[in-house]
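A short write-up of the structure that comes next.
The values are calculated or read from the model by the stated rules, or taken from the named source; none is laboratory data. These figures come from a predicted structure and were not determined experimentally. Glycine also receives a Cβ, built like all others from the backbone with ideal geometry; neighbour counts cover every protein chain displayed.
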Amino acid sequence: MALFVIGDLHLSNAAEKPMNIFGEHWKEHDNTIKKNWIDSINDSDTVLIPGDISWAMTIEEACFDLDWIHSLPGRKILIKGNHDYWWSSIKKLNSLYDNLHFLQNNYFVYEDIAICGTRGWICPNNHKFSDQDNKIYERELHRLKLSLDQAVKNKYADIFVITHYPPTNDHFDPSGFTEIYEDYGVKNVFYGHLHGKESFDAGLKGNINGVTYYLTSCDFLDFKPLKILG
């Protein structure tokens, strides 16, 4: 009954998107992930997947990648990433597979822990933050609260969050996301989005004001699911 996390799978079983353009360590990365997954995870475990799941553009194409995830051991809880253009009706997605749970304005449970979240967005910064960015940013804050409010309503004291984007800008300034995490007493936040050694340091890590932040993009984890509990 262990809990694992790995983000940014960037699968492309129906799309021509080889990831080794980002470095040789990405060559056949899906096979590396699969081997590491099978070596460490069994069907009683739960795996959190914080977005950028598939390069597919439609749900029909994405099902080639979702079938691949479905075939791996364990129960999976998935959040949308910025490249998941195939993501459709949450009701439809949650009807497709018995061991894939799609998180949007809702929450799921691991033992006595509520798993909440939303995709997130870039946080206010001095480089580029348009009116449209602010609109999406505010929407994502609202969606995060919807997810957390349901868990709180059902009296879950321990709350973990999965989100795709880092919770702050690259200067680690407080954001609406970090304020919500602190206000709701969130214990752990798992995010991805950042790739390459030059980007890894731009993500908040460790315990900040009582919330522990984890960068979990698959290349940061060396393509090995990270065990959190169990």
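A few comments on the model shown:
- Restricted to the range 139-169, and to residues there that are among the polar types (S, T, N, Q) and in contact with a strand residue (DSSP E or B) (Cβ under 6 Å, 6 or more places away or on another chain), the residue that is farthest from His83 (Cα to Cα) is Ser147.
- Listed here are the strands (runs of 3 or more DSSP E) enclosed by the range 152-230 that have at least 3 residues being farther than 21 Å from Glu111 by Cα: 206-208.
- Long-range neighbours under 7 Å by Cβ, at least six apart or interchain, first residue outside any loop (DSSP other than H, G, I, E, B) within the range 124-135, second modelled with pLDDT of 95 or more: Asp133/Trp121; Asp133/Ile122
- On inspection, Tyr165 passes the criterion of being within 22 Å of Pro225 (Cβ to Cβ), crowded, with 22+ Cβ neighbours inside 10 Å and not small (Gly, Ala, Ser).
- Just so you know, in the range 168-202 the residues that are at positive phi and not small (Gly, Ala, Ser) include one that is surrounded by the most Cβ atoms within 10 Å (Cβ to Cβ), and it is His193.
- Residue ranges of strands (runs of 3 or more DSSP E) in the range 1-120 with at least 1 members among the small types (Gly, Ala, Ser): 113-118
- First in the range 1-30 and at positive phi, second anywhere and in a helix (DSSP H, G or I) and modelled with pLDDT of 90 or more, Cβ under 8 Å, 6 or more apart: His10/His29
- Per-region count, the range 88-103, residues out of contact with any Phe, Trp or Tyr (no Cβ under 8 Å at 6 or more places or on another chain) and surrounded by fewer than 22 Cβ atoms within 10 Å (Cβ to Cβ): 10
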